[in-house]
Amino acid sequence: MHQLASRRQFFTQGRNLLGSAALASLLGESLAEAAGGKGLGPQFTPRAKRVIYLHMVGGPSQMDLFDYKPVMQEWYDKELPESIRMGQRLTTMTSGQARFPVAPSKFQFSQAGECGLWMNTQLLPHLAKKADEICWIRTMHTEAINHEPAIAAMQTGNQVTGRPCLGSWASYGLGSDNENLPAFVVLIAIPSNREQEQAVSSRLWSAGYLPGEHAGVSFRSKGDPILYINNPPGVPDAIRKRSIDGLNQLNALGYASLRDPETETRIRQYEMAFRMQASVPELTDLSQESQQTFELYGEEARKPGTFANTVLMARRLAERGVRFIQVYHNNWDHHSNIANRMPSQCKDVDQPCAALLEDLKQRGMLDDTLIIWGGEFGRTIYTQGKLSRENYGRDHHPRCFSMWLAGGGTRGGQIYGETDDFSYNIVKDPVHIRDFHATILQLLGFDHERFTYRFQGLDQRLTGVLPARVIPELLS
């Protein structure tokens, strides 16, 4: 509000007028830049300068990936005990089932790395080699049991949409290191299996009540990376620039009379769009990458829209100063046919995720780049629908699920939290999504209780008003 105050408001305040005027004259352009959305700056020295968030849309099955439960082999097709379920609210997709038979994982597990994590090495052999560089969390939990509120909670800290997402908070706090690219970019990968995808829309990368410039900018995988980034046929750059300058002059007149912050945001976004006409083509030109890079990520990285291609693009964005890169990979909602869908999902992400860790490490960027991997909730140990030794499905499960972090000040090789033999309830070291968000902000240099934005008379924050804590065991 102080940055956007009108001239009349400034003079009527009356206090410290001469001091403020002198300070403004001394700071000159730096003061204008601070008001122009460069970010507030961290509250203390950050461990991570940027984030790459790999969200697996739908909710990966923790007991088929990272939460090994060998005892469940003895429970095949037996009823889930009520002492374990304890009257849990179920989705309408399984609440009408006559039985809740246990479905043990059909996949092969073995220990990975010196940390000894038991994980699905059958489907994730590349990631298994990076086990000691990854911080594993097995006790994430949330209250949301359906996709829309669950993904909203994971992204924004609240089940009700309309709040700023984690990427917008990072943009608001840190700004961008590259004036020719947004601080917050969104990439949507196309899964090789598209059997049961969930909706992914701009509500997930909204700036909410933060200034609109902190919303995510979505890059497309086909055609122009950003709509209208290129000039229309017959329109040279000079005319495009004159058009934008004219629009900005009109917007400046509107801002001078109404003082609407969104008008100022619109001015900045037009200017950013013009600068991106030069920066985006260079960014998306993968011909600059070496053959060794494509061997690292896999040949799928050459195909626009694949997860491998998207993750490679995320690395290119990160090294160009983009603060927060959000990647969505769909089709992890395994209500049925896990036998065929899980292998294809893991094949999509296994080599590229391991390659991203190695690539950033080789470039000296892993220590200050935080990588996040996970979904919005987990899956049930009981089957949804028909059960056989070779195939089954799983419903949504919010009580416990697995995620992992790497780089950016996290503790590699840490295995945090324990669940019961059914991977149904947490028995040690729970991590609520509020705790998760508080820890992420800590790594970025912010105290989640003091990192706020005044809105509707309240100091709003990502972690809300309920208790949240930083998990020190996750930090190096």
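Derivation of every value follows stated rules applied to the coordinates shown; laboratory data play no part. Remember, it's a predicted structure, so these values are computed and weren't measured experimentally. Quick reminder, even Gly has a Cβ in these numbers, built from the backbone with ideal geometry, and neighbours come from all protein chains shown.
Give me P(r) over region 65-155, computed from all C-alpha to C-alpha distances, binned every 5 Å, as integer percentages.
For region 65-155, the binned pair fractions read 2, 11, 15, 16, 18, 18, 14, 5, 1 percent.
Taking neighbour counts of Cβ atoms within 10 Å as a proxy for exposure, in what order, fewest first, do Leu366, Leu458, Leu317 appear? Write out the running numbers ahead of the final one.
Numbers: Leu366 20, Leu458 10, Leu317 23.
Fewest-to-most ranking of Leu366, Leu458, Leu317: Leu458, Leu366, Leu317.
In angstroms, what radius of gyration and Dmax does the chain have, counting Cα atoms only?
Computed over the Cα atoms of the chain, radius of gyration and Dmax are 23.9, 79 Å.
If the viscosity is 1.306 mPa s and the temperature 10 °C, what Stokes-Einstein diffusion coefficient in µm²/s follows for region 98-231 when Rh is the Kirkwood radius over Cα pairs?
On the way: Rh = 18.5 Å.
For the chosen part, D equals 86 µm²/s.
Evaluate the Debye formula for region 367-419 with equal point scatterers sitting on the alpha carbons, no solvent, and hand back log10 of I(q)/I(0) at q = 0.28 Å⁻¹, in q order, two decimals.
Log-scaled intensity ratios, in q order: -1.07.
When the Cα centres of region 142-164 and region 77-135 are compared, how far apart do they sit, in Å?
For region 142-164 versus region 77-135, the Cα centre distance is 23 Å.
Mind ranking 53-66, 71-84 by how tightly packed they are, going by the mean number of other C-beta atoms within 10 angstrom, highest first?
Highest to lowest by the protection proxy: 53-66, 71-84.
Return the tail of the calculated pair distribution for region 301-449, meaning the percent of Cα-Cα pairs more than 19 Å apart.
On the way: 6831 of 11026 pairs.
It works out to 62 percent of all Cα pairs.
With bins 10 Å wide starting at 0, give me the P(r) of region 47-87 over every alpha carbon pair, in whole percents.
Whole-percent P(r) values from 0 Å outward: 19, 33, 27, 13, 8.
Report, in whole Å, the centroid distance computed from the Cα atoms of region 410-445 and region 370-401.
Cα centroid of region 410-445 versus Cα centroid of region 370-401: 18 Å apart.
Place a +1 charge on the Cβ of each Lys and Arg in the chain and a -1 charge on the Cβ of each Asp and Glu, then give the dipole magnitude about the Cα centre in debye, rounded to the nearest 20.
Here the size comes out at about 940 debye.
Points 7 angstrom from Cα along the Cβ direction at Ser95 and Leu250: gap in nanometres?
It works out to 5.2 nm between the two label points.
So what are region 138-210's ellipsoid semi-axes, whole angstrom, largest first, if each one is the square root of 5 times an eigenvalue of the alpha-carbon gyration tensor?
Those come to 24, 18, 11 Å.
Show me, for region 133-144, the HN-Hα J-couplings you get by feeding each phi into the Karplus relation (A = 6.51, B = -1.76, C = 1.60, θ = phi - 60°), rounded to Hz, glycine and proline as x.
Along region 133-144, the couplings run 9, 10, 9, 9, 10, 10, 10, 5, 8, 8, 8, 7 Hz.
Please report the relative contact order for region 58-183, taking Cα pairs under 8 Å with a sequence separation of at least 6, and give it as a percent rounded to a whole number.
Averaging sequence separation for qualifying contacts and normalising by length gives 18 percent for region 58-183.
Just from the alpha-carbon atoms, what are the Rg and Dmax of region 243-372 in angstroms?
Every Cα atom of region 243-372 included, Rg and Dmax give 20.0, 62 Å.
Pull out the extension gain between Asp421 and Ala339, defined as 0.36 nm times the separation in residues minus the alpha carbon to alpha carbon distance; nm, one decimal.
Gain in length upon complete extension: 27.3 nm.
Modelling each spin label as a point 7 Å along the Cα-to-Cβ direction, I'd like the Ser201/Asp429 distance in nm, to one decimal.
3.9
Could you give the Stokes-Einstein D for region 110-154 in µm² per second, using the C-alpha Kirkwood radius, 20 °C, 1.002 mPa s?
Rounded, D is 172 µm²/s.
Between Thr45 and Leu466, what FRET efficiency comes out of the Förster formula 1/(1 + (r/R0)^6) with R0 = 35 Å and r the beta carbon distance, rounded to 0.05?
Computed FRET efficiency for Leu466 and Thr45: 0.80.
For Arg450 paired with Asp260, estimate the spin-label separation in nm (one decimal), with each label point 7 Å from Cα along the Cα-to-Cβ line.
3.6
Name the GluC sites (Glu not before Pro) in region 308-394 that are in a loop by DSSP and that have at most 11 other C-beta atoms within 10 Å, would you? If you can, show how the numbers build up before the last one.
On the way: sites: Glu319, Glu358, Glu376, Glu390; in loops: Glu376, Glu390.
Filter output for region 308-394: Glu390.
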